[in-house]
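Trainee: Below are the structure tokens for one structure; questions will follow.
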Amino acid sequence: MLTDLETVVINPPYNVGALFKSAPSSPDISVHNRSVSEVFQQRLESITNQKWESDQENAFFVGDLGEVVRQHIRWKSLLPRIEPFYAIKCNPDPMVVQLLASLGCGFDCASKQEIQQVLDVGVDPSRIIYANPCKQASFIRYSAQQNVSRMTFDNAEELFKIKKYYPDAELVLRILTDDSMSLCQLGLKFGAPLHTVQHLLQLAKELNLNVIGVSFHVGSGCLDENAFGDAVVRAKNVFDQAKAMGYDFKFLDVGGGFPGADVKNGITFEKVAAVLGPIVDRLFPKDVRVIAEPGRYYVASAFNLAVNVIGRRTNMAHQDQTDASPEYMYYVNDGMYGSFNCIIFDHQVVHPKVLMKNELFAYGQDLPEAQYESSVWGPTCDSIDCLNKSARLPKLEPGDWLYFENMGAYTICAASQFNGFRKSEVLYTNTFC
């Protein structure tokens, strides 16, 4: 017998072709219906044919929108009660945003620009949560003008600010949880300690503000699925505390921290869903609306990045040993200040793989060649621009290509143009249909 997930993948509930036809109209954007490998190969072959054209060897992404659809189906199958509100900060790629809007997702926005981007693709304001507990006054005014009424807070000063600029807002109290098992501990910056809850709810009453529920975030890159269960219990305690004060909460936001499809071992999305879904159902009646803020869950595995080897430096590891193997330093044309900022900001470890060597396409292959101790460096003049200090690679030449998988989360969104290096472009494909 097929599982619910297998059934929905075999019989998808969406006209995927129509979804992609609704993508942002631009003469420069097209969506292929090829495998990621075929898109890589086609681009590299076109570069070989245009060898002397300017900038022809620039780094580029392949974004698989079909993978985003598969992740959405997986979410709806495993957590059917919890509505996904995509954390747009993770990857504001316009095609991803348009696709998720077409799939009926909500959106977690943290700024005026993010709200405006979502509204511009036709998303109703009711499908947005302004989930930044500390907001610029003009952004609050903008939210009021656009009827984006649902927003979070975690301190008294924010309540006074909202009272001044958007007194009709629907407020969600963000509480502090145990995020000690997360790579990015957001509790260092946000979340009301539980002992402050009564004071904040009482102040909101005195200010005649409308608090509708509770939110939390277990931290980005959470490594313990049980953190979600513990946070839900804390949220239920706050619901009970609020009820005793005369509130009738009907809204719960379980935040983000969900692993993507690239996570195969340890904490997987399936493990999180097995903890989160049942405890939400047990503690909260059906009339409580429950949302979440997945980011990397949707896009981490949907983007792969190709980089060109622009230089090589040979180091002899032990000069006093005549039979010592050389070590190689490779320089590539995207780096820490560009798409690989995830190494610093998101604590990611990236692994280079050979994409093309001596004009032979090698995607997904283990080359039967000698492997050497190697390091991979970005193109800037800064020595911190190191992508991988220790990798085993065959001897490569300038002009060869490497690729990196699972580069969709917190990469493009924070890329700069330091040293004059431009951001990498994205080629799109759809492997779902």
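Trainee: When only residues in region 101-136 that are hydrophobic (A, V, I, L, M, F, W, C) and in contact with a Pro (Cβ under 8 Å, 6 or more places away or on another chain) count, which is farthest from SER215 (Cα to Cα)?
Mentor: So, considering only residues that are hydrophobic (A, V, I, L, M, F, W, C) and in contact with a Pro (Cβ under 8 Å, 6 or more places away or on another chain), the one farthest from SER215 (Cα to Cα) is VAL121.
Trainee: Restricting to region 385-402, count the residues that are open to solvent by 70 Å² or more (accessible area, probe 1.4 Å) and free of Cβ contacts under 8 Å to residues at least 40 places away in the same chain.
Mentor: Qualifying residue count for the region: 3.
Trainee: For region 366-384, check the following and say yes or no: at least one residue is open to solvent by 20 Å² or more (accessible area, probe 1.4 Å), β-branched (Val, Ile, Thr), closer than 24 Å to ASP262 by Cβ and outside the structural domain of VAL96 (by the TED database).
Mentor: No, that holds for no residue.
Quick grid of which residues meet (1) of a type in the set (A, V, I, L, M, F, W, C); (2) farther than 16 Å from ARG74 by Cα:
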{"site": "ALA274", "(1), (2)": "yes, no"}
{"site": "ARG282", "(1), (2)": "no, yes"}
{"site": "ASN315", "(1), (2)": "no, yes"}
{"site": "GLY335", "(1), (2)": "no, yes"}
{"site": "ILE343", "(1), (2)": "yes, yes"}
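Trainee: Among the residues of region 100-120, count how many are among the hydroxyl-bearing types (Ser, Thr, Tyr) and in a strand (DSSP E or B).
Mentor: Here is the first cut: in region 100-120, the ones among the hydroxyl-bearing types (Ser, Thr, Tyr) are 102, 111.
Of the ones still in play, those that are also in a strand (DSSP E or B) are none.
Residues that pass the stated criteria total 0.
Trainee: With the condition kept exactly as written, say whether any residue in region 330-340 is closer than 27 Å to ASN58 by Cβ, in contact with a Phe, Trp or Tyr (Cβ under 6 Å, 6 or more places away or on another chain) and at pLDDT 95 or above.
Mentor: So far as region 330-340 goes, yes, one or more of its residues are closer than 27 Å to ASN58 by Cβ, in contact with a Phe, Trp or Tyr (Cβ under 6 Å, 6 or more places away or on another chain) and at pLDDT 95 or above.
Trainee: Using beta carbons and a limit of 8 Å, which pairs, at least six apart or on different chains, have the first residue in region 403-426 and closer than 20 Å to TYR298 by Cα and acidic (Asp, Glu) and the second one modelled with pLDDT of 80 or more and open to solvent by 70 Å² or more (accessible area, probe 1.4 Å)?
Mentor: Within 8 Å, the pairs are GLU405/HIS351; GLU405/LYS353.
Trainee: Let me ask something else. Go through (1) more than 23 Å from ASN33 (Cα to Cα); (2) over 20 Å from the mean Cα position of the chain (by Cα); (3) open to solvent by less than 50 Å² (accessible area, probe 1.4 Å) and name the single condition ASP108 misses.
Mentor: (2)
Trainee: Still on this model: Mind counting the residues in region 409-429 that are at pLDDT 95 or above and open to solvent by less than 10 Å² (accessible area, probe 1.4 Å)?
Mentor: 1
Trainee: Conditions: (1) farther than 21 Å from ILE412 by Cα; (2) open to solvent by less than 20 Å² (accessible area, probe 1.4 Å); (3) in a helix (DSSP H, G or I). VAL123 meets all but one. Number of the miss?
Mentor: Here VAL123 meets the rest and fails (3).
Trainee: VAL97 - would you say it is in a helix (DSSP H, G or I), open to solvent by less than 40 Å² (accessible area, probe 1.4 Å) and assigned by the TED database to the domain that holds ILE279?
Mentor: Against the criterion (in a helix (DSSP H, G or I), open to solvent by less than 40 Å² (accessible area, probe 1.4 Å) and assigned by the TED database to the domain that holds ILE279), VAL97 qualifies.
Trainee: Quick one: how many residues across region 147-172 are open to solvent by 10 Å² or more (accessible area, probe 1.4 Å), assigned to a loop (DSSP other than H, G, I, E, B) and over 20 Å from PRO193 (Cβ atoms)?
Mentor: Number of matching residues: 5.
Trainee: State which residue pairs qualify: first residue closer than 11 Å to GLU373 by Cα and inside region 320-335, second residue at pLDDT below 90 in any location, beta carbons under 6 Å apart, and separation of 6 or more residues or different chains.
Mentor: PRO326/MET316; GLU327/ASN315; GLU327/ALA317
Trainee: Which ranges mark the strands (runs of 3 or more DSSP E) fully within region 270-365 that have 2 or more residues being in the same structural domain as PRO379 (by the TED database)? First the steps, then the outcome.
Mentor: Working: elements: 289-292, 303-316, 326-332, 353-357.
Once the strands (runs of 3 or more DSSP E) in region 270-365 are filtered for at least 2 residues that are in the same structural domain as PRO379 (by the TED database), what remains is 303-316, 326-332, 353-357.
Trainee: OK, next. Could you tell me which of the residues ALA300, ALA292, ALA306, ALA324 is of a type in the set (A, V, I, L, M, F, W, C) and at pLDDT below 90?
Mentor: Numbers: ALA300 fails: at pLDDT below 90; ALA292 fails: at pLDDT below 90; ALA306 fails: at pLDDT below 90.
Answer to the selection: ALA324.
Trainee: Kindly provide the set of residues from region 366-392 that are in contact with a strand residue (DSSP E or B) (Cβ under 6 Å, 6 or more places away or on another chain), part of a strand (DSSP E or B) and farther than 21 Å from ASN58 by Cβ, ordered by number.
Mentor: TYR372, GLU373, SER374, SER375, LYS389, ALA391 - these are the residues of region 366-392 that are in contact with a strand residue (DSSP E or B) (Cβ under 6 Å, 6 or more places away or on another chain), part of a strand (DSSP E or B) and farther than 21 Å from ASN58 by Cβ.
The values are calculated or read from the model by the stated rules, or taken from the named source; none is laboratory data. Note that this is a predicted model, so its numbers are computed, not measured. Glycine also receives a Cβ, built like all others from the backbone with ideal geometry; neighbour counts cover every protein chain displayed. These accessible areas exclude ligands, DNA and RNA; they are computed on the full protein's heavy atoms, side chains included. Shrake-Rupley method; radii C 1.70, N 1.55, O 1.52, S 1.80 Å.
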